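The values are calculated or read from the model by the stated rules, or taken from the named source; none is laboratory data. Quantities reported herein were computed from a predicted structural model and do not represent experimental measurements. Note that we place each Cβ from the backbone using ideal geometry, even for glycine, and neighbour counts take in every protein chain shown.
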Amino acid sequence: MAIFTKEPGTKTGTEIFTSNGEPTGIDILDFWKWNKSNLLEKKTLNELARFIVARALNNASPLKENFPSWDLESKSGKRLSVRTDAFCENGKIKKNAQIKFSILGHMGDKNTPGFTGFQRRWSDVFIFCLLTTKDPEKVNPLDLDQWNFYVVPTRVLDEKDRNSSHITLGALLGIDHTVCKFHDLKVAIDSL
């Protein structure tokens, strides 16, 4: 039984909830299971993909870092935006749904170097993560062989259309990109 601390740091999952100063029998692990067990739910899948990319880059930080205007940063300083889609969501195949990824620019944080007050894409590289399995019975986001990673320099997206908010898989395949699996992702990003 661990006591909650406010200091940033990795939690063990055994930190307990209390009421009237007494343990309730509920711990953070209960919350994590309740909140994040559906890995195929869109928001959770997005966070999972971000985690997978961080691990592919050998980002050893046990905690998610929050950057002002992008998702991750490589050890060489490349700013990365990670976007996700899947053929199956919530254990069901998407009906008549097109695979598309957000590429929307935003104002950014005023403390970010280069801030101008205008919308733009702040990353150096976009990584589009696609969970490729189309069979709801076989989809498993923990099986890294079921993922394809499309690595695109942000300048390529800007040259194509600076104002687009999304890119479809078909359009993505028509621009300069590198497609790879998990074990080659770090090399693909580092080579840009």
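Say whether the condition of being in a strand (DSSP E or B) and either of a type in the set (Ser, Thr, Tyr) or touching a residue at least 24 places away in the same chain (Cβ under 8 Å) (or both) is met by at least one residue in region 47-66.
Initial filter on region 47-66 (in a strand (DSSP E or B)): none.
No, the conditions are met nowhere in region 47-66.
Does Lys78 satisfy the criteria of being within 18 Å of Phe101 (Cβ to Cβ), modelled with pLDDT of 90 or more and surrounded by 11 or more Cβ atoms within 10 Å (Cβ to Cβ)?
no
Pairs, please: C-beta under 6 Å, at least 6 apart or cross-chain, first residue surrounded by 12 or more Cβ atoms within 10 Å (Cβ to Cβ) and in region 30-46, second among the small types (Gly, Ala, Ser)?
Hits for this filter: Leu40/Gly91.
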